[in-house]
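No value in this document is a laboratory result; all are computed from the given coordinates. Since the structure is predicted, the reported quantities are computational estimates derived from the model, not experimental observations. Glycine gets a Cβ as well: all are built from the backbone with ideal geometry, and neighbour counts include every protein chain shown.
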Amino acid sequence: MNRADAVHELKSTFSILDADINEIKKNADGNTKGFHVRASIRAYSALIEGLLFQMRHLALSSESKNTSVYNLSEKLILSEKAYRLNTKGEVEEKESFESLKNMVLFTLKQFPKIHGANFEPNTGDHRWEMFGVFIKIRNRVVHPKSKSDLELTHEEWEKVNVGIDWFYDNVKLMFGECSKADDFFRENFV
């Protein structure tokens with residue numbers, strides 16, 4: 001896929017997933033229990049994972065044939081691929097999955113490189129810890145082992161929202177750094 005198609009795919013994916021979240025919020029009518037909370041957690045998870053995947057895909061699609069922005073290990077992680085030898089001594093490709101928390105940090109650091117920018121997610125913010133709480137609650141809700149796994153307290157719901165705010169704020173800051181780098185390039189080199 002070329003860069004233009006990858007940009008379109010990222011925007012389209014985000015638009016659909018963001019609309020899902022807005023639809024859930026609209027229908028929740030202030031309800032912070034039950035179905036709407038679980039649906040919100042699932043929708044936020046899909047948005048985060050979908051956006052991260054599209055950002056990694058766009059990053060790889062943006063490299064020119066003559067210029068490599070990423071080293072081999074970064075490319076492998078961006079593509080979520082790993083390689084191993086099978087019992088016949090042949091190389092096999094397999095999917096590689098990293099923890100969501102680690103992949104968020106990695107993606108937010110790597111994506112700006114295609115713009116000539118640097119970004120360091122703010123893990124010193126207390127909301128970063130709440131993002132970890134969101135992931136634990138998400139795992140519990142998406143893979144329930146009991147009825148109680150599907151029930152959230154008001155305090156847990158608040159932590160989920162604080163963690164989601166951390167993600168949104170850091171993505172906005174990262175895109176802001178990309179935009180500044182793009183503006184600098186346009187003003188000085190075009």
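Could you go through the stretch 57-71 and let me know if any residue there is among the acidic types (Asp, Glu), surrounded by 15 or more Cβ atoms within 10 Å (Cβ to Cβ), assigned to a loop (DSSP other than H, G, I, E, B) and free of Cβ contacts under 8 Å to residues at least 60 places away in the same chain. The answer is yes, given that some residue of the stretch 57-71 is among the acidic types (Asp, Glu), surrounded by 15 or more Cβ atoms within 10 Å (Cβ to Cβ), assigned to a loop (DSSP other than H, G, I, E, B) and free of Cβ contacts under 8 Å to residues at least 60 places away in the same chain.
For the stretch 122-171, the set of residues classified as in contact with a Gly (Cβ under 9 Å, 6 or more places away or on another chain) and either assigned to a helix (DSSP H, G or I) or polar (S, T, N, Q) (or both) consists of ARG127, TRP128, GLU129, MET130, PHE131, GLY132, VAL133, PHE134, ILE135, ILE137, LEU150, GLY163, listed by residue number.
Quick check on my filter: what residues within the stretch 108-125 are in contact with a helix residue (DSSP H, G or I) (Cβ under 8 Å, 6 or more places away or on another chain) and over 30 Å from SER61 (Cα atoms)? Selection gives ASP125 alone.
State yes or no: is PHE119 surrounded by 19 or more Cβ atoms within 10 Å (Cβ to Cβ), out of contact with any strand residue (DSSP E or B) (no Cβ under 8 Å at 6 or more places or on another chain) and assigned to a loop (DSSP other than H, G, I, E, B)? In short, yes.
Within the stretch 11-20, not a single residue is surrounded by fewer than 12 Cβ atoms within 10 Å (Cβ to Cβ) and acidic (Asp, Glu).
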